[in-house]
1. Every residue in region 62-75 that is over 16 Å from the mean Cα position of the chain (by Cα) and farther than 17 Å from Leu6 by Cβ, please.
2. For Ser122, indicate whether it is hydroxyl-bearing (Ser, Thr, Tyr), surrounded by 14 or more Cβ atoms within 10 Å (Cβ to Cβ), closer than 30 Å to Lys25 by Cβ and modelled with pLDDT of 85 or more.
3. Out of the residues in region 8-34 that are of a type outside the set (S, T, N, Q) and surrounded by fewer than 17 Cβ atoms within 10 Å (Cβ to Cβ), state the one that is modelled with the highest pLDDT.
4. From the list Leu67, Leu94, Leu77, which residue is in the same structural domain as His30 (by TED's automatic domain parsing) and touching a helix residue (DSSP H, G or I) at 6+ places or on another chain (Cβ under 7 Å)?
5. Of everything in region 42-64 that's of a type in the set (S, T, N, Q) and modelled with pLDDT of 95 or more, which residue is surrounded by the fewest Cβ atoms within 10 Å (Cβ to Cβ)?
6. Among residues belonging to region 7-35 that are in a helix (DSSP H, G or I) and free of Cβ contacts under 8 Å to residues at least 12 places away in the same chain, point out the one that is farthest from the chain's Cα centre (by Cα).
7. Are any of the residues in region 61-70 assigned to a loop (DSSP other than H, G, I, E, B), free of Cβ contacts under 8 Å to residues at least 24 places away in the same chain and in contact with a Ser or Thr (Cβ under 9 Å, 6 or more places away or on another chain)?
8. Does region 71-80 hold any residues that are part of a strand (DSSP E or B) and either loosely packed, with under 13 Cβ neighbours inside 10 Å or of a type in the set (Val, Ile, Thr) (or both), and which are they?
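The values are calculated or read from the model by the stated rules, or taken from the named source; none is laboratory data. Here the structure is a predicted model, which is why all the values come from computation and not from measurement. Cβ sites come from the backbone with ideal geometry, for glycine too, and all protein chains shown count toward neighbours.
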Amino acid sequence: MSDPILQFTQTGLAELISAKNAGIKATITHMACGDKSYSPQPNQTRLVNERQRADILDYEELSPTQLRLGAVFKGDLEYEVREIGLFLSSGTLLAVHSQPNQLLTYKSANSSWLQKLTLDISPLPTNSINVVVGTENINLLLANELATMAAATIDNMHRHIELLFRVNQLKKQKV
């Protein structure tokens with residue numbers, strides 16, 4: 001089995017070059033997943049069968065030429081993940097990750113799945129890319145779950161306090 005392929009697209013590279021020539025940087029803002037596996041092509045402008053798109057929520061510079069990007073895919077969709085794409089703020093497909101007949105992972109219904117992708121930017125024009133993170137910290141992804149657990153704990157403590165007050169009232173009545 002060969003290594004998974006990350007293919008930069010011609011339109012993505014053209015947009016990076018155009019942005020650099022204008023003195024600005026193009027920005028990566030989204031990651032998308034689809035359920036078709038194939039050998040990515042340079043002339044590709046979209047995923048073959050995109051199923052879901054999410055904001056980039058995590059970004060780490062591993063080295064001057066390597067970035068690690070993360071996105072969370074939530075919701076009730078269920079599908080095999082066989083293609084992953086990175087998109088610029090303009091909606092242009094910058095890069096595609098896929099491999100023929102290869103399952104990358106599985107997105108089950110009503111689940112959250114965190115996808116991290118390491119991107120080697122050495123083939124790209126120098127200083128031509130920026131990453132926009134949708135939220136400040138990937139740990140915020142747990143906010144809903146933690147809030148639900150905290151509310152349940154507080155509710156449970158409230159019930160215990162009410163029970164203690166009731167026990168004290170019953171003790172006073174017996175005395």
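1. Pro64
2. No, not satisfied.
3. Start the filter on region 8-34 by keeping residues that are of a type outside the set (S, T, N, Q), which leaves 8, 12-17, 19-20, 22-26, 28, 30-34.
After this cut, where a residue has to be surrounded by fewer than 17 Cβ atoms within 10 Å (Cβ to Cβ) as well, the list is 14, 17, 22-25.
Numbers: Ala14: 94, Ile17: 91, Ala22: 90, Gly23: 89, Ile24: 90, Lys25: 89.
Among those that are of a type outside the set (S, T, N, Q) and surrounded by fewer than 17 Cβ atoms within 10 Å (Cβ to Cβ), it is Ala14.
4. Selected residue: Leu94, the only one of Leu67, Leu94, Leu77 that is in the same structural domain as His30 (by TED's automatic domain parsing) and touching a helix residue (DSSP H, G or I) at 6+ places or on another chain (Cβ under 7 Å).
5. Filtering first and then ranking leaves Asn43.
6. Looking at the filtered set, the residue picked out is Asn21.
7. Within region 61-70 (the criterion being assigned to a loop (DSSP other than H, G, I, E, B), free of Cβ contacts under 8 Å to residues at least 24 places away in the same chain and in contact with a Ser or Thr (Cβ under 9 Å, 6 or more places away or on another chain)), the answer is yes, since at least one residue qualifies.
8. Val72
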